[in-house]
1. Checking Asp96 against (1) open to solvent by 50 Å² or more (accessible area, probe 1.4 Å); (2) under 19 Å from Leu359 (Cβ atoms), only one condition comes out false. Which one?
2. Please work out if Arg273 is part of a helix (DSSP H, G or I), more than 14 Å from the chain's Cα centre (by Cα) and surrounded by fewer than 22 Cβ atoms within 10 Å (Cβ to Cβ).
3. Is it fair to say Thr77 is on the phi > 0 side of the Ramachandran plot and surrounded by 14 or more Cβ atoms within 10 Å (Cβ to Cβ)?
4. Consider Phe30 against the criteria (1) surrounded by 21 or more Cβ atoms within 10 Å (Cβ to Cβ); (2) at pLDDT below 95; (3) not aliphatic (A, V, I, L, M): it satisfies all of them except one. Which criterion is unmet?
5. Scan the range 7-21 for residues that are assigned to a helix (DSSP H, G or I), in contact (Cβ under 8 Å) with a residue 40 or more places away in the chain and more than 30 Å from Ser357 (Cβ to Cβ) and jot them down.
6. Could you list, in sequence order, the residues of the range 56-69 that are buried (at least 17 other Cβ atoms within 10 Å of the Cβ) and closer than 23 Å to Gly351 by Cα?
7. Yes or no: the range 338-361 includes at least one residue that is at pLDDT below 95, touching a Lys or Arg at 6+ places or on another chain (Cβ under 6 Å) and surrounded by fewer than 16 Cβ atoms within 10 Å (Cβ to Cβ).
8. Tell me which residues, restricted to the range 276-306, are open to solvent by less than 10 Å² (accessible area, probe 1.4 Å), over 20 Å from the mean Cα position of the chain (by Cα), under 27 Å from Thr317 (Cβ atoms) and not β-branched (Val, Ile, Thr).
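The values are calculated or read from the model by the stated rules, or taken from the named source; none is laboratory data. All values reported here derive from a predicted model rather than from experimental measurement. For neighbour counting, all protein chains shown are included, and Cβ atoms are generated from backbone atoms with ideal geometry for every residue, glycine included. We work out accessible area using only protein heavy atoms, side chains counted, and drop any ligands, DNA or RNA first. Shrake-Rupley method; radii C 1.70, N 1.55, O 1.52, S 1.80 Å.
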Amino acid sequence: MQTTLAPEYQNTADGLAAEAILRKCVHCGFCTATCPTYQLLGDELDGPRGRIYLMKQVLEGHEPTRKTQLHLDRCLTCRNCESTCPSGVDYAHLLDIGRKLVDAKVPRPAGERAVRWALKEGIPSPLFAPAMAMGQLVRPLLPATLKAKVPSKQDAGAWPTRTHARKVLMLAGCAQPAMAPNINTATARVLDAVGIQTVVVPKAGCCGAVKFHLNDQDGGMAEMRAAIDAWWPYVLEGSVEAIVMNASGCGVTVKDYGHILRDDPAYAEKAARVSALTKDLSELLPIIVQSLQTARPALAQRIRSQAPRLAFHPPCTLQHGQKLKGGVEQHLGALGFDIRTTLNESHLCCGSAGTYSVLNPELSYQLRDRKLGHLEKLQQEVIVSANIGCITHLQSGTATPVRHWVEVLDDALRSDA
C-alpha cells in the first residue's frame, strides 16, 4: 500500500514504523473474513482493512474525527487478522500507533475519559485486591452488570514449600491474584510435581498491558521497566530457565517487551532478553507430560476414568498473538483428558479482550454468547481456557464451570497423590 507521510510524521519513529507496516498491506480483504467486529457489524470501517485505511489517512495528514476514534476503539486487538493475512501485516503494532496518534488529536468525552482512567489506574493498583474482596462479599446484592465482573470467592489452596534445582519466574499479575488466586497456586503445584520451583518476585506486578492498551503507553512502559528490574537479578545470574506466564494476555505483552522498548537505550537489551525467556505455561506442557508419564504410569488411566470432560476455548492472545495453537489439547489429551475445541469459530474472539467488555459491552456480550453457543454444543462438563479475562467473561454467561486448564490438571494430580 503506497503511503506518503505528512510532514509531521516524516522521520519520526512512529511514522516510519507505521509506513513500513502499511507498505506490506495489499488490501486483499482476507482479514475481513475472520474479523469479529466486521462479522457483527458488516461495516468495512469495523474491519482490519477499513481501519488500516483510516490510519493511513491520519498518517497522510487527514484530520481524524470522533468517528475515526470509535472505529479504532471497536477493534478487539484479537489479531485474528494477522493469522489470516497472506502478507504478514503487523496490524497490532500499527493499531498501537494509530490509536496513539488519533487520541492525541481527538479529545474524548469526560465520562469516557473517567472510565478509562479508572480502569488503567484501578486494575494494576494495590487497591484492586481489597476492592475485589469487598465486591465478592456483597456479590449477591450487586446489579447484574457488576456481578458479571466479580467472580465468586475462590480458595487458592497451599503454595508448595519444596525447593528444586530447576526454577522459573512467574508473573503474579494484577487482576488474576484477586479474581482467581487458585490459578497461580495451581501452576506452582503442577510445576512442583515435576521438579520445578516457581519463584514470584513481588515487585513484578502488572505486565503493563492494561495501561498500554488504554493508550497510556508511557504508564504501561513504566510498569514494563519495573517488571524487568524486578526479574533482572535472576536473569543475570542465570538461576531461572524461563519466565512463565499463566495468563496469555500477559504473556503476549511480555513477549513484546523487546519490540516496545526497542528504542530505550537503558532497557532495549534487557527487554529483548526478558522477551526471549518468556514462555506461556502451555509451552512447558511437553516437559510436564513427559515427567508425569515416567513418574506416574497409571495416571492417564485414572484421568480417563475420573476427570471431567473439557471444552477448550483458546484465547486470541494464545492462538493469534503468540501463535501457539493446539498444544493444550494435544498434551492434555496425551495425559488422558477428554478435551475438545469447537468445530465452528474456535478462532474467533470471546469478546473479553482486556477491558473491551467494559468499554464496548454490547459487542462484547454478543461475541460471548456466540462463543458459548458453540462451546455448549460439545456437551462437556467444564470449559477451560488460558487467560483470566476470557475465563471471567465466559463464566458470566453460563452455569457451566469455566476454569484455567492448569487448575483441572492440578485437581487430577492431587486426587492421584
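1. (1)
2. Answer is yes for this residue.
3. Judged against the criteria, Thr77 is a match.
4. Going through the list (1) surrounded by 21 or more Cβ atoms within 10 Å (Cβ to Cβ); (2) at pLDDT below 95; (3) not aliphatic (A, V, I, L, M), Phe30 breaks only (1).
5. Ala13, Gly15, Glu19
6. Within the range 56-69, Thr68, Gln69 qualify.
7. no
8. Leu292
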